1. Pull up segment 25-57, narrow it to residues that are at pLDDT 80 or above and not in a helix (DSSP H, G or I), then point me to the one that is nearest to Glu94 (Cα to Cα).
2. State the number of residues belonging to segment 92-107 that are assigned to a helix (DSSP H, G or I) and surrounded by 13 or more Cβ atoms within 10 Å (Cβ to Cβ).
3. Quick check on my filter: what residues within segment 63-76 are surrounded by fewer than 16 Cβ atoms within 10 Å (Cβ to Cβ) and either aliphatic (A, V, I, L, M) or within 21 Å of Glu53 (Cα to Cα) (or both)?
4. With the condition kept exactly as written, say whether any residue in segment 109-120 is outside any loop (DSSP other than H, G, I, E, B) and either surrounded by 19 or more Cβ atoms within 10 Å (Cβ to Cβ) or at pLDDT 85 or above (or both).
5. Return the pair list, or none, for Cβ contacts closer than 7 Å from residues in segment 75-87 that are under 25 Å from Tyr3 (Cβ atoms) to residues that are polar (S, T, N, Q) and at pLDDT 85 or above, at least 6 apart or on different chains.
6. Please name all residue pairs, on different chains or six or more residues apart, with Cβ atoms under 6 Å, provided the first residue is in segment 8-23 and is farther than 16 Å from Gly60 by Cβ and free of Cβ contacts under 8 Å to residues at least 12 places away in the same chain and the second residue is charged (D, E, K, R) and in a loop (DSSP other than H, G, I, E, B).
7. Can you tell me which condition Glu29 does not meet? The list is (1) touching a residue at least 40 places away in the same chain (Cβ under 8 Å); (2) under 19 Å from Asn87 (Cβ atoms); (3) among the charged types (D, E, K, R), and all the others hold.
8. Applying the selection to segment 68-85, what residues are under 15 Å from the mean Cα position of the chain (by Cα), under 17 Å from Val19 (Cα atoms) and not hydroxyl-bearing (Ser, Thr, Tyr)?
Amino acid sequence: MEYKVLSNGIKMPMVGFGVFQVDDQKVCEQAVLDAIEVGYRSIDTAATYLNEEAYGKSTGQVMLRWLIQRDVIVIPKSVKKERMKQNIDVFDFELAAEDMEKIATMDTGKSTIHDPQDLETARWIGTFAVS
């Protein structure tokens, strides 16, 4: 993953993951879990789809909290005021250590999106024009 160093010295992931308009709760939840597994650390989920977890928060709020508790800066996007409120409403709960560990076990340490050791992936990326 590449990062952008913000003006305050904090590193922000250059790529985030979003599931806007994924209306099936199970599909949305699996997509977020898969995103974490393949290496995403900035997650923007569709909290308005009522995909709540045991903490009484949306899956997106749980993922944001998980990242925050790992000292990862998050910048979720939304153009909807209600989602903006939900995205910032992540400081009134804390994930239990065992839940933090469960989520962390999904990290394989290897990205399946961009593997620099995979020749086909490298060729595919090389086809994009940079302007």
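The values are calculated or read from the model by the stated rules, or taken from the named source; none is laboratory data. Quick caveat, the model's predicted, so the values are computed rather than measured. When we count neighbours, we look across all protein chains shown, and the Cβ atoms used for this are built from the backbone with ideal geometry, even at glycine.
1. Only one residue fits best here, namely Tyr55.
2. 3
3. Ile68, Gln69, Arg70, Ile73, Ile75
4. no
5. Pairs found: Pro76/Asn87; Ser78/Asn87.
6. none
7. Exception for Glu29: condition (1).
8. Matches in segment 68-85: Val74, Ile75, Pro76, Lys77.
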